[in-house]
Structures are given as structure tokens and as C-alpha cells.
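Student: Structure incoming, see below.
Read the figures in this text as sums done on the coordinates, not as results from a lab. Quick caveat, the model's predicted, so the values are computed rather than measured. Reconstructed Cβ throughout: ideal geometry from the backbone, glycine too, with neighbour counts over all protein chains shown.
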Amino acid sequence: MPQENVQADPVLLTHLLNETIDKRLDILRRVADVGSISEAARGAGVSYKAAWQALETLSNLAGGPLVEKVVGGRSGGHRHPEAVGADDQGVARPSKAA
């Protein structure tokens with residue numbers, strides 16, 4: 001059986017990659033809004049682990065941490081945006097402190 005020469009659709013691939021990146025940025029924005037990975041994950045409809053991995057991926061791509069990690073305890077842990085903020089349109093941007 002001859003194999004067909006199947007090529008990836010660049011438009012479809014771009015769309016799929018943008019959805020993934022947009023979801024990661026959505027999680028980062030939600031963490032900035034609520035200060036909690038677990039709350040951000042619930043709001044984005046993903047697991048805590050998926051949200052954590054999204055933040056780690058964005059931090060690796062950015063070359064440094066994007067959230068300040070605070071260990072939980074009785075009152076629970078929380079996360080604060082460190083080097084990224086959001087402008088009035090909700091677009092991630094470097095903060096002036098970075």
C-alpha cells in the first residue's frame with residue numbers, strides 16, 4: 001500500500017497552538033486576579049496540576065518566575081504575579097518593576 005504524502009495544515013496548527021498559549025495566559029491572568037492557583041484552575045476549568053504546569057511552562061519561556069510562590073499552611077498558600085501584570089485590555093505585559 002503506497003503511503004500518501006500527508007502534510008500538516010499550518011492554519012490548523014497555528015490555531016491549536018494559539019488556543020494552548022491563550023489558555024496558559026488565561027490561567028496566569030486568573031492567578032493575578034484571585035491570587036490562587038487552585039481558584040484560577042477552577043475558573044479556567046482545568047486541574048490544579050494543569051494550571052501549575054501552565055505557569056511553569058510560561059515561566060520557563062519567560063526565562064524567570066512569573067509568580068511568587070507562597071507555601072500553604074493553615075490559611076493556605078497563594079501566588080502573586082511577580083514579573084507580569086495585565087493592562088486594561090487584560091493582555092499580559094512586563095511590569096515596570098521587572
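Student: Looking at segment 5-23, I want the residues that are under 23 Å from residue 61 (Cα atoms) and have a partner that is part of a helix (DSSP H, G or I) and not hydroxyl-bearing (Ser, Thr, Tyr) with Cβ atoms under 8 Å, at least 6 apart or on another chain. Which pairs are those?
Tutor: 23/44; 23/54
Student: Among the numbered criteria (1) surrounded by 18 or more Cβ atoms within 10 Å (Cβ to Cβ); (2) closer than 19 Å to residue 68 by Cβ, which one does residue 44 miss?
Tutor: So residue 44 meets the others, but not (2).
Student: Of all residues in segment 47-70, which are surrounded by fewer than 18 Cβ atoms within 10 Å (Cβ to Cβ) and in contact (Cβ under 8 Å) with a residue 24 or more places away in the chain?
Tutor: 57, the sole residue that qualifies.
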